[in-house]
1. State the antiparallel share, in %, of DSSP beta bridges confined to the chain, rounding to the nearest 5.
2. Can you list which of the chymotrypsin sites (Phe, Trp or Tyr not before Pro) found in the range 500-554 are DSSP loop residues with at most 12 other C-beta atoms within 10 Å?
3. Normalising by the residue count of the range 271-422, find the relative contact order in percent from Cα pairs under 8 Å and 6+ residues apart.
4. Starting from 0.36 nm per residue, how many nanometres of slack lie between Asp420 and Ala552 once their C-alpha separation is accounted for?
5. GluC sites (Glu not before Pro), restricted to the range 390-483: which are DSSP loop and have at most 16 other Cβ atoms within 10 Å?
6. Magnitude of the Cβ-charge dipole of the chain, K/R +1 and D/E -1, about the Cα centre, nearest 20 debye?
7. Could you give the length gained on full extension between Gln531 and Glu887, defined as 0.36 nm per residue of separation minus the Cα-Cα distance, in nm?
8. Which distance in nm do the two modelled labels at Asp128 and Phe245 give, with both placed 7 Å along the Cα-to-Cβ direction?
Amino acid sequence: MDAARPIVPSGFESSPPGEDAPRATPVMEQYIEIKAANPDCLLFYRMGDFYELFFEDAEVAASALGIVLTKRGKHLGRDIPMCGVPIHRADEYLNRLIALGHRVAVCEQLEDPAEAKKRGSKSVVRRDVIRVVTPGTLTEDTLLDAKRNNYLLAIARARASIAEESRFALAWIDISTGEFRIAECDRAGLAAEIARLEPGEIIVSDALYGDAALAPYLRSLAAVTPLTRDVFDAATAERRLAAYFGLATTESFGALSRLELTAAAACISYIERTQLAARPPLSPPVREAQGATLAIDQATRSNLELVRTLSGEQRGSLLAAIDRTVTAAGSRLLAQRLAAPLTDPAAIEHRQDAVEFFVTDVAARADLRERLKASPDLARALARIALGRGGPRDLAAIRDGILAAADIAAELERRGELGDELAQTARALRRLDPALASELGAALAEELPHLKRDGNFVRAGFDAGFDEARALRDESRRVIAALQTRYADATSVRALKIRHNNVLGYFVEVTAQHGERLMAPPLNATFIHRQTLAGQVRFTTTELGELEAKIANAADRALAIELETFEKLAAAVTAAASAIKDAAEALAVLDVATALAQLAAERHYVRPQIDASLDFIIEGGRHPVVEQALTGDSSPFVANDCDLSPPPSAASGRIYLVTGPNMAGKSTYLRQNALIAILAQMGSFVPARRAKIGAIDRLFSRVGAADDIARGRSTFMVEMVETAAILNQATERALVILDEIGRGTATFDGLSIAWAAIEHLHETNRCRALFATHFHELTALAARLPRLFNATVRVKEWEGEVVFLHEVVPGAADRSYGIQVAKLAGLPPAVIGRAKLVLAKLEAEERASPRGFDELPLFAATPRAAPPRASTAEGVLAALSALHPDEMSPREALEALYALKAKAAEGG
Ligand code: ADP
Ligand code: MG
């Protein structure tokens, strides 16, 4: 256990004897009052060098942290359970408690215990909660992942009479970087946005949390905090939001809906509640226009392993494969961009220009990356400083960041013609005031402690008062010795000594013989007699008295001056918050641009052409992750083409039906095209020889249950729910990846579902799609669906073994090679032999009476009794096109369907 801990924290002793009913001690009274104000938190109650926890809190924390639970003092005649964490390890314990889903209120001593004593011996040190630590409001490096944002997300809902039609506003803030954003979405968009942001904490109103329609979903998420109604009060929302930014109105934030204001104000109010007096430097909220980013739902994200693999690791994800950033801020921005690719071709090109600049200028790239590497995490250092949680190293980070920014700006500007994005970053870097760096540089020492209370971070020569205090503290002996020499010279008493004892403190001592001289003029003006002993006489002087007081206070004074200096510097930094934040963002943008250029150069990526068409042409495309995994392999990755553009004279894109045996490379091919689309729209270059993509608005990717069952993640039901979402939501601009849909059930079921799904995609969704299947029967569909194309992954048979060529070519696989694959997998020869016999028999039967899928009528032309008269058909069509399915309730939709049917029947 840690030393220096009082056995019984003072103030917690039992009530004085002689009182009948035990009463709470004053400290206990204070504790109870503060705890009552923070009932939903564990209370870290500061006592000296410990945070102590009492009662139930102590029991919870002791078991959560594995620390010793003790009993100290008594309250109302009962032992008080207690445990404590030393302050220098508080972060570590906080981290664990937060990770376990606890909230912690940190209660500090607001005055020196000596101050309290002055009010009387019984008075209690003033204490109060200075911060509530929750998962969404962290700022410490030890509590945060440097390479990821940590968002607090507020959800506000505008209720509609039909649950599915409710609108939601989202507001999210990363207080460790100051980023603040707002967006609106519908129910389906809600889950996709949450999947994109992966917030550290979500706040909702009590009402929303209890809502029957949403409760199951909300409860499935981690760290959802329900809050009282007033936090989500729409009437006061604008006022609260404006007040935080010290504005009269929120007009300057652009036109925000009432719902958006409500969500934004909820975020703000929660920050005020958890940060209490401190205010993180937030950027003004940025409203994300709907449709500005590529919509990718949760299932697609996890399926494509964008930021982590299906087994939850970062290694093996797309992000890990493409991340060449050299700063934490750059890493965060790259993750953000990957999570939210753009849809506007112009905005995408803007980013591509920056990447291309550094692809072309190799020297600039290398040079900037070197400089960026040395640049610290400005945004997070700033947030900590502004919140009063900063340390000397945070100030140094600001200093170094400003210097790096100036350096980088100069370097950039030397490079001539910059595109929009780069010119903008150079401007932002230029806005930083170099004088602030000089001020910090002058004030800060070379070696810096982690915590400001450790002192010794002010540079010698910066502050005369501090230098003196520190000299006194560190060199009191030398100072005394110097004074002794001076007095010896002045009195010509060689034997004069300055000594110290506990009664007199410091004193001047001479022998009795010299004592007389010091007590006579003129020396008695300086030396004041204190004591005469047998052989010696002792004196003090005003100077020595002052020196003594100074020495006694030197340590305190040195620290006080340092803390004061710290506060001054922190105030100067906070005053420049907005410029620092912009520069931090600019550095991140540069890091991402140079990193993507580095990636492009390293892995031979090309700049994709993005436009508003419905084209999708990938020549020589590769899978960005698999390709890297195969680097150095004897069989390198085989590049493949893909063209989902509308065929000549067609208005919608194509569907590729990809067949081929197990292990041929179907899934890899499907995913690589989806990943290329994501990379392209986030502004990156792509692993291909050439790429042209008409901007995609939604991306869907699903894998059949059979492929997923091994991971214990999915069932056929989930597969179908997800497929339903695609068939209901995908529009012409979507890209759909369906991998072995229908696999999770019996063959005929599965085949029928896959069959109908393809028809639906072709006729109704009319989106670009890739559909991998092991159902060969489906290839027959290509004959009747004009935009459906068969593709197959080639294999060749060699001495009875199957060889995978991983090459995608037009056409259908001739057979499934299941038995060859089974052989490769090491099934016993007897089983393989037997399987061959069974197969031969089944194939013979099939030839005798083919299943005849070709005669199956097309889904879109499901049989009718007789063709309706033209006028009826037109009437039905007119009624049909007047419908707005997105605005209909399920009931209205059903009624409309009946009406349509009735109309159709009239003609029959
Ligand atoms: P399928 O979905 O057809 O069963 P996968 O896409 O899962 O096949 O691919 C099986 C394996 O083949 C992958 O693990 C990968 O290593 C390899 N592979 C796939 N495509 C390629 C390719 N284009 N070039 C080289 N290897 C490939
Ligand atoms: Mg597969």
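1. 65 percent
2. Passing both the DSSP loop test and the Cβ count: no residue.
3. Once normalised by length, the contact order is 24 percent.
4. That works out to 41.4 nm of additional length.
5. Answer in residue order: Glu417, Glu446, Glu447.
6. Magnitude of the dipole: close to 1280 debye.
7. 118.3 nm
8. 2.8 nm
Every read-out reported here was derived from the displayed coordinates using simple, explicitly stated rules and does not represent laboratory data. What you see is a predicted model; the values in this text were computed from it and never measured. Neighbour counts run over all protein chains shown; Cβ positions are idealised from the backbone, glycine included.
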